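Heads up: the structure comes next, in structure tokens.
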């Protein structure tokens, strides 16, 4: 990859890929001449933070299913993503297993009637904690971007929250908005 800044849009990550097509990250990296992979660091039950519980419309400290992943480009960590699901949706499913999901989580959820029709994203900048700094190979004065994404269904009910952390100096987030 010739440029160290990555321009990324969210839309491909919100719709299921056609059958037989790679997941959105692998496809995006490939179109730019790289190899996108992810390593699942953890999948299973966790206690919701106040922030995540509020985003999902659940009581604080509710038990959730989380998938913690290290997103890699050409074998190097470039993003940390924690994805949270209400337990009644994800407990006992592939979402709670530390394995790749054929077709990805978006496809898996859609097959079970959980289709996103609205997404809310918030982006903030901050300094990374020690673990983030180490995993993302950042210097002591390099900030990160934190993107939180809530996916809501046709009844305006949230069913997924993604918390992503990425090196700020390597990112360019692009938002395209359809009007009318």
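The values are calculated or read from the model by the stated rules, or taken from the named source; none is laboratory data. Note that the structure is predicted; figures quoted are calculated from it, not measured. No Cβ is skipped: glycine too gets one built from the backbone with ideal geometry, and neighbour counts run over all protein chains shown.
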Run residue 47 past the list (1) modelled with pLDDT of 95 or more; (2) over 13 Å from the mean Cα position of the chain (by Cα); (3) surrounded by 14 or more Cβ atoms within 10 Å (Cβ to Cβ); (4) within 21 Å of residue 158 (Cα to Cα) and report the number of the one that doesn't hold.
-> (3)
Residue, nearest to residue 41 (Cα to Cα), within region 137-147, restricted to residues that are touching a helix residue (DSSP H, G or I) at 6+ places or on another chain (Cβ under 9 Å) and in a loop (DSSP other than H, G, I, E, B) = 138
Within region 40-56, restricting attention to residues that are in contact (Cβ under 8 Å) with a residue 24 or more places away in the chain and not in a helix (DSSP H, G or I), which residue is nearest to residue 118 (Cα to Cα)?
-> 48
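Matching residues to (1) modelled with pLDDT under 95; (2) more than 23 Å from residue 156 (Cβ to Cβ); (3) surrounded by fewer than 15 Cβ atoms within 10 Å (Cβ to Cβ):
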{"position": "30", "(1), (2), (3)": "yes, yes, yes"}
{"position": "56", "(1), (2), (3)": "no, no, no"}
{"position": "73", "(1), (2), (3)": "yes, yes, no"}
{"position": "76", "(1), (2), (3)": "yes, yes, yes"}
{"position": "108", "(1), (2), (3)": "yes, no, no"}
Given (1) within 15 Å of the chain's Cα centre (by Cα); (2) modelled with pLDDT of 95 or more, where does residue 152 come up short, assuming only one miss?
-> (2)
In this structure, does residue 176 turn out to be loosely packed, with under 12 Cβ neighbours inside 10 Å and touching a helix residue (DSSP H, G or I) at 6+ places or on another chain (Cβ under 8 Å)?
-> yes
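Is region 101-116 home to any residue that is assigned to a strand (DSSP E or B) and more than 19 Å from residue 64 (Cα to Cα)? Don't jump to the end; show me each part of the working.
Going through region 101-116, the residues assigned to a strand (DSSP E or B) turn out to be none.
No, because not a single residue in region 101-116 is assigned to a strand (DSSP E or B) and more than 19 Å from residue 64 (Cα to Cα).
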Those residues of region 125-162 which are under 21 Å from residue 66 (Cβ atoms), exposed (fewer than 14 other Cβ atoms within 10 Å of the Cβ) and free of Cβ contacts under 8 Å to residues at least 24 places away in the same chain amount to 126, 129, 130, 131, 134
Consider residue 90 carefully, then state whether it is touching a helix residue (DSSP H, G or I) at 6+ places or on another chain (Cβ under 6 Å), closer than 23 Å to residue 49 by Cβ and either at pLDDT 95 or above or surrounded by 13 or more Cβ atoms within 10 Å (Cβ to Cβ) (or both).
-> yes
For region 57-95, what are the residues that are farther than 26 Å from residue 143 by Cα, over 15 Å from the mean Cα position of the chain (by Cα), in contact (Cβ under 8 Å) with a residue 40 or more places away in the chain and not in a strand (DSSP E or B)?
-> 57, 87, 89, 91
Quick check, is residue 101 free of Cβ contacts under 8 Å to residues at least 12 places away in the same chain, surrounded by 13 or more Cβ atoms within 10 Å (Cβ to Cβ) and within 15 Å of residue 40 (Cα to Cα)?
-> yes
